[in-house]
Amino acid sequence: MFRVDLRAAARAPVVTEASLAADDPLFADLDFVPAQAVRVTGRLSMTGPGRYYWHATIETMVVGSCRRCLEAVQIAIRAPVALWFTEDQEDDDPSVWVIPQRSVELDLGDPVREELILAVPEYVLCREDCRGLCDQCGQDLNVGSCTCRRRPDDRWSALEALRGRLPE
Ligand SMILES: [Zn+2]
Ligand SMILES: [Zn+2]
């Protein structure tokens, strides 16, 4: 929960600040976990009747896992956010959040969750040249090689041998 008073925003832009705990239910069931509180700073302004604009920065550190070797990777997040909210129930612009009419409060929790998901890279690597895990025995190839790596070569030479036996 990260509530902002919209009546105050109707009078003047309001400062929106929050530090959402890493174990807040908002951040449950994601592909990553926040390693520290999710800090949000920003301003919410009313841009017209029932329309609001929020710009903010979301900062935290998350832990994801390397797509190649599954090693835990810490990722620093600093995401600028610019969102519009409207009470117009007919507004079908997917980038605009539709909120109930005559709202007196706005909960920025879900927008923060969504923006954080967008900010975390989809393809996390522990390092650019991560060699990943062997797809046959699961050996972490950053740590050491395994014997099954020669198999593709064996297959290739078997094919070569077969080709030698085929009529030209
Ligand atoms: Zn890796
Ligand atoms: Zn292997």
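Report the residues of segment 1-29 in range of a label on Q101: point 7 Å along Cα→C-beta, backbone N strictly under 16 Å from it. Output list for this probe position: empty.
Under a model in which nothing but the beta-carbon of Lys, Arg (+1) and Asp, Glu (-1) is charged, segment 3-119 shows a dipole of about 460 debye around its Cα centre. Expressed as a fraction of 2.2 N^0.38 Å, the C-alpha radius of gyration for the chain is 1.63. Roughly what angle does helix 151-165 make with the longest principal axis of the chain, taking Cα atoms, 0 to 90 degrees, to the nearest 10? For helix 151-165, the angle is close to 50 degrees. With the Kirkwood sum run over all distinct C-alpha pairs, segment 68-155 has a hydrodynamic radius of 17.5 Å.
All of the numbers you see were taken from the coordinates with simple rules; none came from a lab. Predicted model only: the values in this text are computed from it and were never measured. Cβ sites come from the backbone with ideal geometry, for glycine too, and all protein chains shown count toward neighbours.
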